1. What's the local net charge at Thr65, with K and R +1, D and E -1, over the other residues with C-beta under 13 Å away?
2. In whole angstrom, note down how far apart the Cα centers of the stretch 42-81 and the stretch 85-147 are.
3. Rounded to the nearest whole Å², what accessible area per residue is found for the stretch 73-159 with the 1.4 Å probe?
4. Given a 1.4 angstrom probe, I'd like the percentage of the accessible area of the stretch 47-97 that is carbon and sulfur, rounded to a whole number.
5. Which FRET efficiency, nearest 0.05, do Ala190 and Ala157 yield, Cβ-Cβ r, R0 30 Å?
6. Which order do peptides 119-126, 107-114 fall in by mean Cβ count within 10 Å, highest first?
7. Using 0.36 nm per residue, how much length does the chain from Thr55 to Val85 gain when fully extended, once their Cα-Cα distance is taken away?
8. Hey, with R₀ at 25 Å, roughly what FRET efficiency would Ala22 and Ser48 work out to, going by the Cβ-Cβ distance, to 0.05?
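The values are calculated or read from the model by the stated rules, or taken from the named source; none is laboratory data. Being a predicted model, the structure only gives us computed values, none of them experimental. We place every Cβ from the backbone using ideal geometry, glycine too, and count neighbours over all the protein chains shown. Quick note on the areas: whole protein, heavy atoms, side chains included, nothing else; ligands and nucleic acids left out. Shrake-Rupley method; radii C 1.70, N 1.55, O 1.52, S 1.80 Å.
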Amino acid sequence: MNTVLDFLASQGPVLLYVLLGAGSALENFFPPVPADTFVLLGAFLAASGRADAWTVFLVTWLANTGAALLVYWTGYRFGRPFFQVGLGRYVLNPAQLRRLGEFYQRWGLPAIFFARFLPGLRAMVPVFAGVTHQRFRTVAFPVLVASGIWYGALVWAGATAGRNLPTILEVLGGANRALLVFAAVLFVVAGLWWVKTRGGGGEEGE
């Protein structure tokens, strides 16, 4: 991790913020890449005077939320046709899509908000909000607010902890492991829902 931190510190200001933004956005397309780490690295660079804390927050927050909303738009534009033909029908059939849409209609705002704090789920929830054609503001508002709270807390923690990177990463790792366990439980629940509703494959009512 120190090698990555030294590499980022050696970059010019513009390239540094570009790399931090790209790193925080990538999680939405490839969930194993932890956006939190890039936010913390930027915060530690701010603590040492090599970056500005507010700029780190704005760049990582807007890049991550922008990528999440791009994933939402992609699901909105291309998701429904994908699940209506070919292999997509074996992932979610029309009845499951209808039920998923009903869930988002009822619980979409709080579900999207809390999912932004959960590893893995935070990248999946916006795309299915798009697939089920949820309204943009219903998705954008909780994504912006939740990500703002989380990244603001991370930047504050990293910037105030000075150079104590290992300790902060250890604490973050413990918190993320706990959140990952909770996310795993939700994945199991979703899997059970998928198995239970798989038989209802009738045509989707419009």
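1. Net of charged neighbours comes to +1.
2. Each part's Cα centre sits 19 Å from the other's.
3. 51
4. Carbon plus sulfur share of accessible area: 69 percent.
5. About 0.45, to the nearest 0.05.
6. So the peptides 119-126, 107-114, ranked by packing, come out 119-126, 107-114.
7. 6.4 nm
8. 0.70
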